[in-house]
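Working notes for the structure below.
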Amino acid sequence: MQDHDRFHRQLREAGMRVTAPRLAVLEILHAHPHSTADVVAAGVRTRLGGVSTQTVYDVLRACSERGLLRRIEPAGSPVRYETRTGDNHHHLICRTCGEIVDIDCVVGEAPCVVPDRDHGYRIDEAEVTFWGECPSCLRKAKADK
């Protein structure tokens, strides 16, 4: 119930109406970070019944625009969403199974990585994606040998 109240408050503070689909999307993504829109839509329908996919996409877009969700786009993967916003973290992705793990920035302040040349830009964010193989996939590969 504590998360439900927190998401209710966050929606209000973002100037958004509190609706069942918005709460469901935030709660699902809090429980299952880095989910695709299709996974979120399936979860919302399980909780609420007949909610259209378009409604879920609208909620994801509106919540992302208001800073309640972070949209990440790993190369070769569908867009993912998470509720962890407002901090400076990156992602580690398994090349084999696609698992995504949050990695805190070593420096802590955005941007934590600075290019050798800024080309006149005022840089306020760096998005870093680490790629590799997760422990489960490494164990499976070792067992298959």
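The values are calculated or read from the model by the stated rules, or taken from the named source; none is laboratory data. Computed from a predicted structure; not experimentally measured. Neighbour counts are summed over all protein chains in view; Cβ atoms, including those assigned to glycine, are modelled from backbone coordinates with ideal geometry. We work out accessible area using only protein heavy atoms, side chains counted, and drop any ligands, DNA or RNA first. Shrake-Rupley method; radii C 1.70, N 1.55, O 1.52, S 1.80 Å.
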> Which residues, counting only those in the stretch 102-140, are assigned to a loop (DSSP other than H, G, I, E, B), surrounded by 10 or more Cβ atoms within 10 Å (Cβ to Cβ) and among the aliphatic types (A, V, I, L, M)?
Replying inline: 107, 110, 113, 114, 123, 126, 128
>> Scan the stretch 20-39 and tell me whether some residue there is assigned to a loop (DSSP other than H, G, I, E, B), closer than 30 Å to residue 131 by Cβ and either among the β-branched types (Val, Ile, Thr) or in contact with a helix residue (DSSP H, G or I) (Cβ under 9 Å, 6 or more places away or on another chain) (or both).
In response: yes
>> Based on this model, can you work out whether residue 36 counts as open to solvent by less than 70 Å² (accessible area, probe 1.4 Å), β-branched (Val, Ile, Thr) and at negative phi?
In response: yes
>> Among (1) out of contact with any Ser or Thr (no Cβ under 9 Å at 6 or more places or on another chain); (2) in contact (Cβ under 8 Å) with a residue 12 or more places away in the chain; (3) open to solvent by 60 Å² or more (accessible area, probe 1.4 Å), there is one condition residue 89 misses while meeting the rest; what is its number?
In response: (3)
> Here is a list of conditions, (1) in contact (Cβ under 8 Å) with a residue 40 or more places away in the chain; (2) within 18 Å of residue 131 (Cβ to Cβ), and residue 105 meets all of them except one; can you say which number that is?
Replying inline: (1)
